[in-house]
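These notes concern the structure reproduced below.
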Amino acid sequence: MLTEDGRHRIALAARMLILTIVMTSSGAQAGGAASSTSRAVLERQTQNLVRTYNRGDHRSIARFYAPDASIIELNSLGLFRVVATGRTNIANYYDASTAARWTIDTTDVKITGDQAVQLARLRTSDTKGELTFMFIWQRNAAGTWLIVSDIYKR
């Protein structure tokens, strides 16, 4: 059973997904130098996450997530399952991972203030193939971008 906070996070993720679809279909762009700078920071953060995973330091990936972040899997029917919530559970989730190496290609990033939505494809070097995913990022008070929702579909 989901907690109230869990339902809130999923509702937020759903709103951000709808926002992303609307922004993408309407051609809305996040403009200006601040957005370009933020996008570059998010790209570096994503590549740092990939490097951390690829060197086998799976438990350390949790530091890229907000303390109360969630990883959510969507199935082929569009139904979701919360896989892990909170840094400890996220660290355990990645620690149990068997994928050999990752490559991530970002397909789109939309930034609005201190929130961002990143759409991307993750390929693994083993037989698990490709995932489509969406990271919802939040910039904290220190200016660090952290993942608050990680939603993926195989």
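Tabulate in residue order the Karplus-calculated ³J(HN,Hα) for the stretch 107-121, using 6.51 cos²θ - 1.76 cosθ + 1.60 with θ = phi - 60°, rounded to whole Hz; enter x for Gly and Pro.
Listing the rounded values in order: 9, 6, 9, 10, 10, 9, x, 9, 10, 8, 10, 10, 9, 7, 10 Hz.
Sticking with the crude label model, points 7 Å out along Cα→Cβ, report the distance from THR107 to ARG51 in nm, one decimal please.
The answer from the label model is 2.7 nm.
Which FRET efficiency value, to the nearest 0.05, do you get for THR98 and ALA142 by plugging their Cβ-Cβ distance into 1/(1 + (r/R0)^6) with R0 = 25 Å?
Details: r = 34 Å, r/R0 = 1.34.
After rounding to 0.05, the efficiency reads 0.15.
Once the other residues with Cβ under 9 Å from the Cβ of GLU73 are scored (Lys, Arg +1; Asp, Glu -1), what is the net sum?
+3
Just to confirm a number: summing +1 for Lys and Arg and -1 for Asp and Glu over residues other than VAL41 whose beta-carbon lies under 14 angstrom from that of VAL41, what do you get?
Computed value for this residue: +1.
Scan around ALA66 for amide H atoms under 5 Å from its own, H built in the peptide plane at 1.01 Å from N, and keep only partners 5 or more places away or cross-chain.
The answer is ILE147, VAL148.
Considering only protein heavy atoms and a probe of 1.4 Å, how much of the accessible area of the stretch 87-143 is carbon and sulfur, as a whole percent?
Carbon and sulfur atoms account for 46 percent of the accessible area of the stretch 87-143.
Subtract the Cα-Cα distance of LEU77 and ARG63 from 0.36 nm times their separation in residues, and report this length gain in nm to one decimal.
1.9 nm
Quick one: grab Rg to one decimal and Dmax as a whole number for the stretch 41-140, Cα atoms only, in Å.
Taking only Cα atoms of the stretch 41-140, I get Rg and Dmax of 13.3, 38 Å.
The values are calculated or read from the model by the stated rules, or taken from the named source; none is laboratory data. All figures in this text were calculated on a predicted structure; none of them were measured in a lab. Ideal geometry is used to build each Cβ from the backbone, glycine not excepted, and the neighbour counts take in all protein chains shown. Quick note on the areas: whole protein, heavy atoms, side chains included, nothing else; ligands and nucleic acids left out. Shrake-Rupley method; radii C 1.70, N 1.55, O 1.52, S 1.80 Å.
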